[in-house]
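A.B. asks: Handing you a structure now.
The values are calculated or read from the model by the stated rules, or taken from the named source; none is laboratory data. Here the structure is a predicted model, which means the values were calculated and not measured. As a convention, Cβ positions derive from the backbone with ideal geometry for all residues, glycine included, and neighbour counts pool all protein chains shown. We work out accessible area using only protein heavy atoms, side chains counted, and drop any ligands, DNA or RNA first. Shrake-Rupley method; radii C 1.70, N 1.55, O 1.52, S 1.80 Å.
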Amino acid sequence: MTRYDGDGAEVEDTDDWYEPEGAPVDGTGPEGTGGRAGAERTFAALPPARGRGFAQTWWGRSWLTALEGTALDSQQLKAGRRLARAGAVGAVSVRPGRITAVVQDRDRTAHRADVLLQELSDEQWDRFLDMAVERAGHVAALLDREMPPHLMEDAELAGVELLPGLGDLEPECDCGAWDHCGHTAALCYQVARLLDQDPFVLLLVRGRGERALLDALQSRGGPSSASGKRPRPEGADAAEAFAAGGIRPALPGVPPLPAEPGVPPSLDTDEPPAAGVDPSALEFLAARTAVQAHRLLAEALREGHERRPAAPEPTVARDAVRLAAGEPPRAMTARLADGSGRGREGLAVAVRAWHQGGAEALTVLDEEWTVDAEALARARAALGSAWAENDEAERPVLRARANRWTLDGGRIQLRLGRDGRWWPYRKERGRWVPAGDAAQDPATALATADSEARTEARAEADAEPDADAAVGRPSGT
């Protein structure tokens, strides 16, 4: 079954095999004149629906749920979507209990397709009208071409089911299919678009046209559409609500932090993705967004959070590093390397920094800043006290440039962060890379960098092949 997201978007390949001749583009048509007024309406053929979903409203999606939950053959549903998306559904005639249209196959063979929906009884309509008159907001919503959920809920409480349920949409087609075929499915998908524009289409199928319904409401004391007036909206008066603020119940307590970030839904479906859409990348972005939201919520719930300055919005380049630190798919890593402006190797170093200390560590990696006199004095005092008990010959010799102190030999470096912490760095293949966590004591940071450098050197020595063996000579000769 096809699922729809929050804005009704649907993913499906489009077909260009059919272009209706002379199809109007407004998607509406005049009411028919047969029978009583408003008993039948005919809507002009809608243009192809390429690049958009069939249902944008919740009631339109509910209509499609009734179709897709009933049809036994998913291939017929796919065929119906292709027909409707290509504009192969002609003018749609809507009357009580029945919807009719001519649908053209891929070979341009025309078929009459009908979808039947049981009409409401007079007693059910009376209950619906009584309920609508009691709550003027329901009528106002209908006049604004909307169908809010509370209208449906109140109608159900009155024993009136307006939206179809599973099995309520009964198909009839001259192609001979006994279940929903591609033609009746295409008609249902097209009707979902009509319902988005005008929920009175649903009420007409259920037995009452717009004019008859409004006349019945007016006779019960409801508003008239001809008057141009809208009923007073429901709700509390703002001044009264403000005056009563002191006696309102207190707001509920802050909810606890979830144990872990939420898991986004999988986008692995049978339908092929639209052009330019990478489902794996979208799944990764959704997962990383959940992690980031969990982290921000945890920070917001910490005591004293309101006294901390707001963090600046991250740049695109910096956010690319954050995403790359989340182990994205290989194809996405290349795109993040370009987006970060660092290239593959530079991004790998930035990710190491991010793992060491997040945004603060990334700032230390990128920034070279001039230390002011006061901060410089504190830094020199910290360096002096770190090796105060050592002999002069045992003290490390550090050459300072801006906020960076490089050890003699040029392979180890300490970087001073703006918060006064020292970050260890070492040089690998001509590039400075983070070598450990930050420390308040420069001796600790230097020891961390030195330990990492020694470990790296031993690993390189162990990996280096024996020179004699490389040329085919026995060692020791």
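A.B. asks: Given the residues 414, 407, 365, which is the only one that is open to solvent by less than 90 Å² (accessible area, probe 1.4 Å) and either touching a residue at least 60 places away in the same chain (Cβ under 8 Å) or basic (Lys, Arg) (or both)?
C.D. replies: Just one listed residue meets the conditions, 365.
A.B. asks: Can you run down the residue pairs with Cβ atoms below 9 Å, 6 or more apart or on separate chains, where the first is in segment 255-271 and in contact (Cβ under 8 Å) with a residue 24 or more places away in the chain and closer than 20 Å to residue 78 by Cβ and the partner is in a loop (DSSP other than H, G, I, E, B) and not basic (Lys, Arg)?
C.D. replies: 269/2; 269/11; 271/2; 271/10; 271/11; 271/12; 271/13
A.B. asks: Go through segment 427-447 residue by residue and tally those that are surrounded by fewer than 23 Cβ atoms within 10 Å (Cβ to Cβ) and either more than 42 Å from the chain's Cα centre (by Cα) or closer than 17 Å to residue 399 by Cα (or both).
C.D. replies: Counting residues in segment 427-447 that are surrounded by fewer than 23 Cβ atoms within 10 Å (Cβ to Cβ) and either more than 42 Å from the chain's Cα centre (by Cα) or closer than 17 Å to residue 399 by Cα (or both) gives 6.
A.B. asks: Exactly one condition in (1) in contact (Cβ under 8 Å) with a residue 60 or more places away in the chain; (2) outside any helix (DSSP H, G or I); (3) within 38 Å of the chain's Cα centre (by Cα); (4) under 18 Å from residue 210 (Cα atoms) is false for residue 114; which is it?
C.D. replies: Failing condition for residue 114: (4).
A.B. asks: Has segment 312-321 got any residue that is out of contact with any Ser or Thr (no Cβ under 6 Å at 6 or more places or on another chain), outside any helix (DSSP H, G or I), at pLDDT 85 or above and open to solvent by less than 80 Å² (accessible area, probe 1.4 Å)?
C.D. replies: No; the residues of segment 312-321 include none that is out of contact with any Ser or Thr (no Cβ under 6 Å at 6 or more places or on another chain), outside any helix (DSSP H, G or I), at pLDDT 85 or above and open to solvent by less than 80 Å² (accessible area, probe 1.4 Å).
A.B. asks: Let me spell it out: the conditions are (1) part of a loop (DSSP other than H, G, I, E, B); (2) open to solvent by 10 Å² or more (accessible area, probe 1.4 Å), and residue 207 meets all of them except one. Which number is the exception?
C.D. replies: The number of the failed condition is (2).
A.B. asks: Another question, then. What number goes with the only condition from (1) in contact (Cβ under 8 Å) with a residue 12 or more places away in the chain; (2) closer than 30 Å to residue 156 by Cβ that residue 102 does not pass?
C.D. replies: (2)
A.B. asks: For segment 51-88, what are the residues that are farther than 16 Å from residue 181 by Cβ, part of a loop (DSSP other than H, G, I, E, B) and open to solvent by 60 Å² or more (accessible area, probe 1.4 Å)?
C.D. replies: 51, 52, 56
A.B. asks: Further question: Among the numbered criteria (1) hydrophobic (A, V, I, L, M, F, W, C); (2) open to solvent by 30 Å² or more (accessible area, probe 1.4 Å); (3) outside any strand (DSSP E or B), which one does residue 102 miss?
C.D. replies: Here residue 102 meets the rest and fails (3).
A.B. asks: Go through 295, 335 for me and flag whichever is open to solvent by 60 Å² or more (accessible area, probe 1.4 Å), part of a helix (DSSP H, G or I) and within 29 Å of residue 259 (Cα to Cα).
C.D. replies: The match here is 295.
A.B. asks: Can I ask one more? Which of the following residues is crowded, with 20+ Cβ neighbours inside 10 Å, part of a helix (DSSP H, G or I), in contact with a helix residue (DSSP H, G or I) (Cβ under 6 Å, 6 or more places away or on another chain) and at pLDDT below 85: 214, 142, 151, 194?
C.D. replies: Result: 151 is the single residue among 214, 142, 151, 194 that is crowded, with 20+ Cβ neighbours inside 10 Å, part of a helix (DSSP H, G or I), in contact with a helix residue (DSSP H, G or I) (Cβ under 6 Å, 6 or more places away or on another chain) and at pLDDT below 85.
A.B. asks: Looking at residue 125 and the list (1) surrounded by 15 or more Cβ atoms within 10 Å (Cβ to Cβ); (2) within 29 Å of residue 87 (Cβ to Cβ), which single condition is not satisfied?
C.D. replies: It is condition (2) that residue 125 fails.
A.B. asks: Okay, next question. Would you confirm whether or not segment 385-398 contains a residue that is in a helix (DSSP H, G or I), on the phi < 0 side of the Ramachandran plot and surrounded by 14 or more Cβ atoms within 10 Å (Cβ to Cβ)?
C.D. replies: yes
A.B. asks: I'd like to verify a number: residues in segment 252-285 that are farther than 29 Å from residue 296 by Cα and either touching a helix residue (DSSP H, G or I) at 6+ places or on another chain (Cβ under 6 Å) or loosely packed, with under 10 Cβ neighbours inside 10 Å (or both), how many?
C.D. replies: Of the residues in segment 252-285, 4 are farther than 29 Å from residue 296 by Cα and either touching a helix residue (DSSP H, G or I) at 6+ places or on another chain (Cβ under 6 Å) or loosely packed, with under 10 Cβ neighbours inside 10 Å (or both).
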